[in-house]
1. Filter segment A:14-35 for residues that are of a type in the set (A, V, I, L, M, F, W, C), modelled with pLDDT under 85 and not in a loop (DSSP other than H, G, I, E, B) and give the result.
2. Among the residues of segment A:36-86, which ones are buried (at least 16 other Cβ atoms within 10 Å of the Cβ), of a type in the set (V, I, T), part of a loop (DSSP other than H, G, I, E, B) and in contact (Cβ under 8 Å) with a residue 12 or more places away in the chain?
3. Using the structure shown, decide if B:L26 is touching a helix residue (DSSP H, G or I) at 6+ places or on another chain (Cβ under 8 Å), of a type in the set (A, V, I, L, M, F, W, C) and surrounded by 12 or more Cβ atoms within 10 Å (Cβ to Cβ).
4. Collect the residues in segment B:162-203 that are surrounded by fewer than 17 Cβ atoms within 10 Å (Cβ to Cβ) and in contact with a Lys or Arg (Cβ under 7 Å, 6 or more places away or on another chain), keeping them in residue-number order.
5. Find the residue count for segment A:87-108, including only residues that are of a type in the set (D, E, K, R) and exposed (fewer than 15 other Cβ atoms within 10 Å of the Cβ).
6. Scan segment B:130-159 residue by residue and report those that are within 13 Å of chain A (Cβ to nearest Cβ) and on the phi < 0 side of the Ramachandran plot.
7. Would you mind telling me which numbered condition in (1) within 14 Å of chain A (Cβ to nearest Cβ); (2) surrounded by 12 or more Cβ atoms within 10 Å (Cβ to Cβ); (3) closer than 20 Å to B:V165 by Cα; (4) not hydroxyl-bearing (S, T, Y) B:F71 fails?
8. Conditions first: (1) basic (K, R); (2) away from every other protein chain (no Cβ under 14 Å); (3) surrounded by 15 or more Cβ atoms within 10 Å (Cβ to Cβ); (4) within 29 Å of B:F154 (Cα to Cα). B:R47 passes all but one, so which condition is the exception?
Amino acid sequence: MTPVPFLRRKVLVCLSVFLCCFLPGAAQEQYVGTVQSPKGIGVFYESGSAEQVSHLSFTLDFDGILGGHTRRPGFRIGFQKHFFVPVYRLADGTDLDFFYGPGLVAGAVRDGGDFQGPMAALRGIAGLRFVFPERPFALGFAFSADLGVHMQRVAGQNSNILRLYRGGLRRVWLPEIHLSYRF
Amino acid sequence: MRRAIRHIVLAVLLAFPTLLRAQEKLGIGVEWGLGYLPMHYIEESFRTDALYRIDRQGWKGSQHINGFASFALEYDLSKRQTLSLTLGKRGVGSGDRIYPLGLRYARFHNGHAADTGWFFAEAGVAYNRDAAVHKAAQGLLGYGWRYRLGGHSFVDGGIRLAAVVYHPDLIDPDTEAIVPQRHVFTNSRVDTFLELFIAIRLR
């Protein structure tokens, strides 16, 4: 493995320490990565052991972006726990794990309308993760569902109404890809 | 369209035994990303409902973000070169979805099974789902970086330039309805994208 340049290491250490202040538990394994999905793209930080990690993410929400209805993405901040179950070890030593976990997510999204309103939801996630032994990378495929509420503007009136966050359930079938770097 | 599908199915069936033989040289990949459309070129001429004619031609500024995703079947021509067949879906302009089928040539500086820089060129035909004229075409040029994750899996990332030629439905400025095909004289549009992509490949 090539050594990490000093400045980059310093930035990563500062970032890790900053994030660790918010995450419970002793940090043994740490990951920084991106989440990619038709639902949105974002970055995440994971800290924990081989059995479970705490997952903190910031995601841009693509509701209406890919269809060309708007150019302004929403955003979401999420906190999740991932629990890992080893499934299989491939011939080259790659570990395949099943993971699942609960979480919380909040942000400001469109949810099919024009108004970008605040939302808060409970999240459930399940997927598969590949951990490569030779390289400090992990690759995950997951599906997630959000059950919560979204604030919407009543058409023609200057008032808001709290409704079910439909986007969280409607887009369950869209996969997420997690690509992460392990420290 | 149905005939085209029949031909594709026939070609796949004929190619299948060859593909099985060439298994060691085959790989699969998924590629996706986002494109930014700074400009597009239009050439349109049509008669409106009020019976006057509109001619428009030239480059227009537009700011759209479109997504794309594609699946690829990759064949190794040599250690440094691959040829792939790609099938994807992408958004163009403001709301048209097209399904491009293309052939891609890629060249890897250090061989396709190592950490390496690589470039590619792709051209293909496409099916536009959301317009009266379904035919479309796509061309791509790109540069990427390949990183081996381990074993037989690779992750690619890079930048690509795309040009999509298609024929979207025209809107009558007075009635805001779609102009019927019999009133359209010429109608072409070229979208030029600057795109970032990520891909995962297995072989």
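The values are calculated or read from the model by the stated rules, or taken from the named source; none is laboratory data. Keep in mind that this is a model prediction, so the values were computed, not measured. Neighbour counts are summed over all protein chains in view; Cβ atoms, including those assigned to glycine, are modelled from backbone coordinates with ideal geometry.
1. A:C14, A:L15, A:V17, A:F18, A:L19, A:C20, listed by residue number.
2. none
3. Working: touching a helix residue (DSSP H, G or I) at 6+ places or on another chain (Cβ under 8 Å): yes; of a type in the set (A, V, I, L, M, F, W, C): yes; surrounded by 12 or more Cβ atoms within 10 Å (Cβ to Cβ): yes.
Here the answer is yes, as B:L26 does meet what is asked.
4. Result: B:H183, single match.
5. 2
6. Keep residues of segment B:130-159 that are within 13 Å of chain A (Cβ to nearest Cβ), which gives B:130, B:146-157.
Passing the criteria: B:D130, B:R146, B:Y147, B:R148, B:L149, B:H152, B:S153, B:F154, B:V155, B:D156, B:G157.
7. Of (1) within 14 Å of chain A (Cβ to nearest Cβ); (2) surrounded by 12 or more Cβ atoms within 10 Å (Cβ to Cβ); (3) closer than 20 Å to B:V165 by Cα; (4) not hydroxyl-bearing (S, T, Y), only one is false for B:F71: (3).
8. Result: B:R47 fails condition (4) only.
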